[in-house]
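The values are calculated or read from the model by the stated rules, or taken from the named source; none is laboratory data. All figures in this text were calculated on a predicted structure; none of them were measured in a lab. Methodologically, a virtual Cβ is constructed for each residue, glycine included, from the backbone with ideal geometry; neighbour enumeration extends over all protein chains shown. Note: areas computed on protein heavy atoms with side chains; ligands, DNA, RNA excluded. Shrake-Rupley method; radii C 1.70, N 1.55, O 1.52, S 1.80 Å.
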Amino acid sequence: MMATPAKGYCGLTLILGLFLAGCSSNSTLPPATVQNSLTTSVDNYQYLIGPNDTVGIFVWRNPELSGTFIVRPDGKVSTSLVEDVPVSGKTPTQVARDMEGILSKYIRDPVVTVSVTNFVGPYSEQVRVIGAAANPQAISYRQYMTVLDLMIAVGGLTEFANGNGAKLVRTKDGQQITFNVRLDDLIRDGEIAANVDMLPGDVVIIPEAWF
């Protein structure tokens, strides 16, 4: 009478094993999508609107169409007259011109001004620090930001960081390029020549030292 449960248990084990084997055959995910920033040098930076930014849209002589809107996670806003207006990844001026084109269907010769507060920006425009930083995080890029500015923002290096082994990963023409950065020389020794410019989308990776 005790044989039946054991047999059932073995059958369940076999089914579970086949299920796990089937899952493991497709266990490799594709690499993350590479997002290029529109900024390719420190001298041509323009702020791009991103999710969670607060956008003010002013329509001249039409206060009922004006207002303040939070950009949704899908990169769009819904105004009092028009729903689902794409704004993420665009400059405020571009959004203003887009709104003028949209509103021209409803009012004559609209004049629109767009402003932004609560700056977050799209992921492609943020800079990130991971690894042995005091406070690893993503930060909105600011014009002429350097790696020293970035390290001040994240609280510097941890006690066990290998700052001179740090890498800066930058996306250019759809390819990720890795550069060496000397954070120990810059932060701990004060060698300002080790400071370098950051660009939107840069990632700084700081390893721990091996003792």
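Among the residues that make up segment 2-20, is at least one of them open to solvent by 80 Å² or more (accessible area, probe 1.4 Å), modelled with pLDDT of 55 or more, assigned to a loop (DSSP other than H, G, I, E, B) and out of contact with any helix residue (DSSP H, G or I) (no Cβ under 9 Å at 6 or more places or on another chain)?
no
Say whether the condition of being open to solvent by less than 70 Å² (accessible area, probe 1.4 Å) and in contact (Cβ under 8 Å) with a residue 60 or more places away in the chain is met by at least one residue in segment 164-179.
Yes, segment 164-179 contains at least one residue that is open to solvent by less than 70 Å² (accessible area, probe 1.4 Å) and in contact (Cβ under 8 Å) with a residue 60 or more places away in the chain.
Are there any pairs with C-beta distances below 6 angstrom linking a residue in segment 43-65 that is touching a residue at least 40 places away in the same chain (Cβ under 8 Å) and among the acidic types (Asp, Glu) to a residue that is open to solvent by 10 Å² or more (accessible area, probe 1.4 Å) and part of a strand (DSSP E or B), with the two at least 6 apart or on different chains, and if so which?
As it stands, the answer is Asp53/Val116, since those pairs meet every condition given.
Listed here are the residues, each with its yes/no results for (1) basic (Lys, Arg); (2) at negative phi; (3) under 13 Å from the mean Cα position of the chain (by Cα).
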{"position": "Tyr106", "(1), (2), (3)": "no, yes, no"}
{"position": "Val114", "(1), (2), (3)": "no, yes, no"}
{"position": "Thr117", "(1), (2), (3)": "no, yes, no"}
{"position": "Tyr123", "(1), (2), (3)": "no, yes, yes"}
{"position": "Arg128", "(1), (2), (3)": "yes, yes, yes"}
{"position": "Ala133", "(1), (2), (3)": "no, yes, no"}
{"position": "Ser140", "(1), (2), (3)": "no, yes, yes"}
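Kindly provide the set of residues from segment 103-139 that are in contact with an Asp or Glu (Cβ under 8 Å, 6 or more places away or on another chain) and more than 20 Å from Val181 (Cβ to Cβ), ordered by number.
Residues of segment 103-139 in contact with an Asp or Glu (Cβ under 8 Å, 6 or more places away or on another chain): 110-112, 116-121, 127-128, 131-132.
If the condition is that a residue be in contact with an Asp or Glu (Cβ under 8 Å, 6 or more places away or on another chain) and more than 20 Å from Val181 (Cβ to Cβ), then Pro110, Val111, Val112, Val116, Thr117, Asn118, Phe119, Val120, Gly121 are the ones that fit.
So Val82 fits all but one of (1) at pLDDT below 95; (2) touching a strand residue (DSSP E or B) at 6+ places or on another chain (Cβ under 6 Å); (3) not aromatic (Phe, Trp, Tyr); what number is the exception?
(2)
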